[in-house]
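Each remark here refers to the structure printed beneath this line.
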Amino acid sequence: HVSSNAVDGDDTTQYHSTRTTAYWYIDLENIYLPLRIEILPISGRFNEVQVSGGIDYLGNDDFSNFKLITTVSASSRFDITLPGTECYRYLLFNRTDGYFLNIKEVAIFV
């Protein structure tokens, strides 16, 4: 299940991580002030997920310069309302409990 499935507008497709060090990130292709993130996870596959943002991706799975926004667990569609004070180019969804990450759909509202 490829990463682009999480942003294809089709909630019958999904992103499924290939390893238990599970993360998924999106490049917004410009710097934006995101106000809300809407996520449709696979039930039971979106636990202990850290949502972080950053301006620069260092490559090679190095997200050390990203800022933690929140940590969430959910089994159905939910929204994250952001304070609207930080700009990001990248948003990272990193599952920290050692299990796979599954996402049906993600929408970012700026």
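Charges were assigned to the Cβ only: +1 to each Lys and Arg, -1 to each Asp and Glu. The resulting dipole of the chain about its Cα centre is roughly 220 debye. Computed from the C-beta positions of ARG89 and ARG19 and an R0 of 22 Å, the FRET efficiency is 0.35 to the nearest 0.05. The reciprocal of the average 1/r between distinct C-alpha atoms defines the Kirkwood hydrodynamic radius, which for the chain equals 13.8 Å.
Of PHE63, ILE26, PHE78, which is farthest on the positive side of the dipole of the chain, counting Cα position, with +1 on Lys and Arg Cβ, -1 on Asp and Glu Cβ, and the Cα centre as origin? Going by the charge dipole, the pick is PHE78. When a/c reaches 1.5 or more, the comparison of a/b and b/c decides; with that in mind, is the stretch 63-110 rounded, prolate or oblate per its Cα gyration tensor? Judged from the Cα gyration tensor, the stretch 63-110 comes out oblate (a/c at least 1.5, b/c at or above a/b).
Read-outs throughout are calculated quantities, based only on the coordinates presented, and are distinct from any laboratory measurement. Everything numeric in this text was worked out from a predicted model, so none of it was measured. Heads up, the Cβs are rebuilt from the backbone with ideal geometry, glycines too, and the neighbour counts pull from every protein chain shown.
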